[in-house]
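Student: Quick one: the structure is below, questions incoming.
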């Protein structure tokens, strides 16, 4: 009997060591807490384990849950039942805030697959499992390990795009955020990732909004470091971040340093010039192997003050610095008609830019489901570029061009938004955004200019979201005013309407479809508008065009998704039509070839394809792949081009204990815009990571099957066409060492959710 008692005590002791908690909060679509909801914890075979009800604040909690596979069944009268599968549960999990749909606004069954994905008609929520968290170094890395079919994450550039090339707006707790802020996130703090395709007028032309829902601290803080360093060259990226919480306040910082240093680069350009008299000139330009150095430093300091759900104040100060030290490109040029008559050439460039900014944001929740927020961002850009181009014949300089550009730009971006929720679940969002900028640029050297430019853009919008049975719908309208004035020239003003719509339909718990359309106004940049000449070489000149006008860009997207268990399949079609788009323009003038911009006839792009995700298989393996066909039509003032290309990718990730092995092979579709053509990049990598407590170390080889990394670009112009290929030796079989360290202390804290994040990156320098 004593032996049995001892064994039972030992059993409960051992199981208790591994007992963890599961908690969360339930709200309706108006963010009101749902109390007295039934939450049942089941085993994977539907065997009942235990049950609880949500409290007056919508919170629930299960204590002493042992390791295993579970399902949560959450139900309440008047709401759609929610199912959440927790496969491989073995650590305390906070599900964060979960939204339950009202039956009267039912979208069909909302379910969670074994891959921890909640799918509804208009949004997906992905809950990272412990293996994916342990395998990740930061927020971007976690997104890569989640292997979301519609997203493409570049582990070298840490860039995020949709599989069809669309832009992605990153958010943290509902506010717009920068890539540097996402890089500063600790994976253990991320509760879930929410994705909304075609998110609406508030996000401009973004194809998708990705929102990280993260834990918040009351006291304490965190420190972190993420680094990538090539062992073949001095190419590396390093990020340090930290935060400190006290009472209602939070102070955070980040610092990011990127050194793009390549030891051996070279290029070959074949050019054909057709002069006004009908004579043709065939020129070959070759560069000797040379190095390239580009240094980028970004940093920011943020203060956040929040009083519960009442109000929030966020103030950020940051500095962005770019330095291109003495880049020297030497080589030779000759004509195909006279290959033995060689002219030596030298192209020297040095540039730097510094851009401090101040960002002030305030939001407040009002009575009767109302909300408003205001944002103001002031930016100053100081740019200094120097360049010199020389051609030598018999040690004598026959061409010698020098240019020094000093640019100063001041800009102010202000935005305000207002939201009103209704009892039927609908929501009205309206806002206005105004950008005012002033640029003063001085050009000295072979040519001398002084330019002053003023630009103002105003965008007002309103959008209504609602539900009708299984249908989610959204209608929006924006109005854009564009104004531009360059000293010595007449100003211009244009107005345009920007309608948008979105329909999402949930057929059943597996199938859903969406259709989106929208008209955006695209404004010329200040550098494109600048009426100055920059001498490229003895035959070519770069010139802005102050007569450029804004143009309309129509985007429409159709998606059909299938989600069952561990399989997710998506079919998509994307169409873009631009009327009178601003595209590069080459024309002849007095024996020279002018590279400028113009409003051309039209541009069209059709991209269709599918993506697939499978996993996790056997609790260790994830697979992902995509294929797409891209067709482009580019019709200009004096040309008409058409091109079709195929792109595809395959990716696998194996997560075993503390090891992560991943591999990817990707062939991008070709790019055609105007008369500029670029072959799709081929990129592949293999990577191995290992986690040691708070440390995550790894090795990655980029392009392991390539002896030479080569890119090809063409210009199809009839007067100054060319083929260009450039080689970067360091990008072939490049080995990366990765290291991340994250340390945190304190407890959960609600720090607020900023809804806007504006910035200005257009220096206005040509």
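Student: Tell me which strands (runs of 3 or more DSSP E) are completely within the stretch 487-557 and hold 3 or more residues being within 23 Å of residue 719 (Cβ to Cβ), or say none if there are none.
Tutor: Result: 533-535, 540-543.
Student: When the residues of the stretch 621-664 are filtered to those that are outside any strand (DSSP E or B) and touching a residue at least 60 places away in the same chain (Cβ under 8 Å), which remaining residue is nearest to residue 690 (Cα to Cα)?
Tutor: Of everything passing the filter in the stretch 621-664, 658 is nearest to residue 690 (Cα to Cα).
Student: Further question on the same structure: What tally of residues in the stretch 605-619 results from selecting those that are without any contact (Cβ under 8 Å) to a residue 40 or more places away in the chain and either outside any strand (DSSP E or B) or surrounded by fewer than 17 Cβ atoms within 10 Å (Cβ to Cβ) (or both)? Quick ask: steps written out before the conclusion?
Tutor: Our first condition is that a residue be without any contact (Cβ under 8 Å) to a residue 40 or more places away in the chain; within the stretch 605-619, this holds for 605-606, 608, 618.
Still in the list and also either outside any strand (DSSP E or B) or surrounded by fewer than 17 Cβ atoms within 10 Å (Cβ to Cβ) (or both): 606, 608, 618.
Residues that pass the stated criteria total 3.
Student: For the stretch 489-516, how many residues meet the condition of being out of contact with any helix residue (DSSP H, G or I) (no Cβ under 6 Å at 6 or more places or on another chain) and touching a residue at least 40 places away in the same chain (Cβ under 8 Å)? Let's see the steps before the verdict.
Tutor: Here is the first cut: in the stretch 489-516, the residues out of contact with any helix residue (DSSP H, G or I) (no Cβ under 6 Å at 6 or more places or on another chain) are 489-499, 501-516.
Subset that is touching a residue at least 40 places away in the same chain (Cβ under 8 Å): 489, 492, 494, 496, 498, 502, 504-516.
Residues in the stretch 489-516 being out of contact with any helix residue (DSSP H, G or I) (no Cβ under 6 Å at 6 or more places or on another chain) and touching a residue at least 40 places away in the same chain (Cβ under 8 Å): 19 in total.
Each reported figure results from applying straightforward, stated rules to the coordinates on display, with no laboratory input. Bear in mind the structure is a predicted one, so any value in this text is a computation, not a measurement. Glycine also receives a Cβ, built like all others from the backbone with ideal geometry; neighbour counts cover every protein chain displayed.
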